[in-house]
1. Could you grab me the full set of residues in the stretch A:435-450 that are touching a residue at least 40 places away in the same chain (Cβ under 8 Å) and either in a helix (DSSP H, G or I) or hydrophobic (A, V, I, L, M, F, W, C) (or both)?
2. Taking B:LEU100 as meeting all but one of (1) more than 14 Å from chain A (Cβ to nearest Cβ); (2) surrounded by 19 or more Cβ atoms within 10 Å (Cβ to Cβ), write down the number of the exception.
3. Given the condition small (Gly, Ala, Ser), closer than 30 Å to A:GLY439 by Cβ, modelled with pLDDT under 85 and not in a helix (DSSP H, G or I), answer yes or no: does some residue in the stretch A:190-206 qualify?
4. Suppose we filter the stretch A:337-358 for residues that are under 20 Å from A:GLN110 (Cβ atoms) and touching a Pro at 6+ places or on another chain (Cβ under 9 Å); how many remain?
5. Go through the stretch A:315-342 and report how many residues are in a helix (DSSP H, G or I), buried (at least 19 other Cβ atoms within 10 Å of the Cβ) and not polar (S, T, N, Q).
6. Which one is farthest from the chain's Cα centre (by Cα) among residues in the stretch A:389-399 that are buried (at least 24 other Cβ atoms within 10 Å of the Cβ) and of a type outside the set (Ser, Thr, Tyr)?
7. Collect the residues in the stretch A:307-344 that are of a type in the set (Phe, Trp, Tyr) and within 11 Å of chain B (Cβ to nearest Cβ), keeping them in residue-number order.
8. How do the helices (runs of 4 or more DSSP H) wholly within the stretch A:227-314 filter down when requiring 1 or more residues that are free of Cβ contacts under 8 Å to residues at least 40 places away in the same chain, of a type outside the set (Phe, Trp, Tyr) and closer than 29 Å to A:THR79 by Cα: which remain?
Amino acid sequence: MSRQQARTRPGSVSRALARDRLGVPAVLFFVLAGVAPLTVAAGVIPTAYQTTGLTGIPAAFLVIAVILAIFATGYVAMTRHITNSGAFYAFVSRGIGRTAGVSAALVALQSYSFLQVGLYGALGPAAASEAAAHLGIHEPWWAWALVAWAVITVLGLLRVDITGWVLGVLLTAEITVVVAETVSGLAHPAGGHLSFATLSPASLTSAGFGTFGVLAVVAVLGFVGFEQAPVLAEEAKNPRRTIPVATYFALGMIAIVYAGASWAMAVHAGTGHVVATAAQQGPGLLFGLGGSGALSQAAQLLFMTSLFAAALAFHNVVWRYMFALGRENVLPAALGRTGGNNIPKAASLVQSATGLAVIVVYAIGGWPPMADLFFWLGTSGGFGIILLLALTSVAVIAFFARDPRGENAWRRLIAPALAAVLLAGIAVLAVLHYGTLLGVSAGDPAAWALPASYAVVAVIGLGWGLILRTRRPRVYAALGLGAHAVTGQLTPAAGEAA
Amino acid sequence: MTGREPRARLGGTGRLADDLYLLAHHDVTGRPYLQPRAIGIGLAGTLLAELMLADRICIWPDGVVAASRTPPEDGLALRVLDLVVSERERLPARDWLLFLARTAAQDVAQRLEQSGYLTQASPRRPWRAERWVPVDSDCAFAPLTRAQSALNPSRPATAQGAALAGLAAACGLGSRLLPYGPPGARRCLDEAVRQLPSGLRDLIAQTQAAVDAAVLTHRV
């Protein structure tokens, strides 16, 4: 601080702080870095074509983008009025109530943990096939998954800002490759005819109305990460504008990239053959769009780094939830402590332990990693996010019902009500057709156990919330405040949820 | 110039921010134990706490206000007080923490250099900035024992000691501080902080919230 600063004009502190805050590009970069486009384009989309046998995936991306944009209307509106808006359970706590908030917190932890751990199921096989093809090393998928796990564990215990920078560079390269593959695929349609069939709304219900629920879960899985912009609400230059613009821009960009890539795959392979081709080629369905040259090689390498980046990004999301809940004393306080360099080591290590346990169990069981680990846990994570989006929409309505806080009826009531109905409907359809989603028969244990696990976790959350309410009222009172729980104060705009 | 250079002493300068700076850096190499933003926020908290302990500022629910315009002897404390007095808006403690955090590490390091506790050393790599290293490792280690005074259940903690330990733990130095303490040190620290005046308690909580928020947003 210089003498000149000391003689600074009144009001200069606020101006100086505003200069340090983040604009739209920085927030957008943060959001998209966690989205990992190539993971979805090369991993989720071909596996979804293969497992579900449905061809309406491109249309599903576009429809889900619209539904999520409607959801985002109320979501970003409420972001402006609460603290700790980077976490779904904060919305639920302040809108519906703190007991439901604990339940939402545990469901969110499970969802993001599924998404993170599932990625090892794609990372292992991708690395194993690259190593076999180019290095002549023939090791099983789980050995490579364990290598990736070890690197993520170490990076999780290092400085977090390094990982953010790495994610950003990868993102730029991934989007470039996906767009290049898409353009190339559309330029070489099967039979020389550019078909728009998979973009048609009719393709969403091609195998009955329930098909839409299945396709919607796959599409939402692709969008997971778009909801992260409010994490930076307190750091944003103008939260009223920065967070909404970054959220809508991310939604639009993801929709175009994924709908384009999945459409190009169907066009290149032929709508009638895309399911069979996906079963034969897997991620190669995307890599083959631009031929087998340098672009394909780059895409295959970037697919691995993309999976890695996504696993790291979700690892960060999971420890962030655990750290905030540990700080609030909802989870053990040790999870809310930091070690040297301000790294929440305990929270990070718990998620690493979960990943290790799952990889070991799948390796011993000899289960197929791409379908049973990557796709099953990934789609189940996406299903959990749909539940949270629906619950958050209800929370938005309840929050503004007590006090509109200057928000118009579209933002505080109509849009969130529409979103709640649509998302709840998707969740119901998904539960009814979970077997189709996983590519198993309806009676398969996985088809009911995975969705039922959310019900179990939600009930545990409700029970724990009630215990906190009666036995630890001070913890209960600060629930949902995240980093601000320590101040024990609600902001002036804070809600009065029970 | 008198020709007499200031010399480091085990007893320290008696200023909270100086002790926290030494506590947050290695006693021989000067390497930081925390991320830069967390150190900045912690030091900002101690700069405000110095003025609170000297009855120059108060923290009210609606913001930080000057309680007395009597100039403090220390130049850095005077500059912070000048800023609070001259600010048009009444700003919350969180804003002051974030504002002061931007330059606090450099400001406190310069103050410690003037007091004879730190010296500038050439960077290990040419492209790095110059770094500060302790002149005497014993003097640089001593703040840890002063912070420990708040962790001992057999001795009543002073406000200075409790504020130092509380702010150190708030910015992330708990893992450095508590292993050196007696059994039950964490409970003891919580109790010592509870005994502090409400303004200091609030400042410690705001410091911890600001550091936690930085950790959660990856901006530490």
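1. Going through the stretch A:435-450, the residues touching a residue at least 40 places away in the same chain (Cβ under 8 Å) turn out to be A:436-439, A:446, A:450.
Scanning the stretch A:435-450 gives A:THR436, A:LEU437, A:LEU438, A:ALA446, A:LEU450.
2. (1)
3. yes
4. Here is the first cut: in the stretch A:337-358, the ones under 20 Å from A:GLN110 (Cβ atoms) are A:344, A:346-358.
Now narrow it down to the ones that are touching a Pro at 6+ places or on another chain (Cβ under 9 Å): A:346.
Number satisfying all stated conditions: 1.
5. Of the residues in that region, 14 qualify.
6. Of the residues in the stretch A:389-399, the ones buried (at least 24 other Cβ atoms within 10 Å of the Cβ) are A:389, A:391-393, A:395-396, A:399.
Then keep just the ones that are of a type outside the set (Ser, Thr, Tyr); that gives A:389, A:391, A:395-396, A:399.
Details: A:LEU389: 11, A:LEU391: 16, A:ALA395: 20, A:VAL396: 20, A:PHE399: 24 Å.
For the stretch A:389-399, the residue satisfying everything is A:PHE399.
7. Looking only at the stretch A:307-344, we keep the residues that are of a type in the set (Phe, Trp, Tyr), and these are A:308, A:314, A:319, A:321, A:323.
A:TRP319, A:TYR321, A:PHE323, listed by residue number.
8. Details: elements: A:239-269, A:274-281, A:284-287.
By residue number, A:239-269.
The values are calculated or read from the model by the stated rules, or taken from the named source; none is laboratory data. On a predicted model such as this, the values are computed, not experimentally measured, just so you know. With ideal geometry, Cβ positions are generated from the backbone for all residues, glycine too; neighbour counts draw on all protein chains shown.
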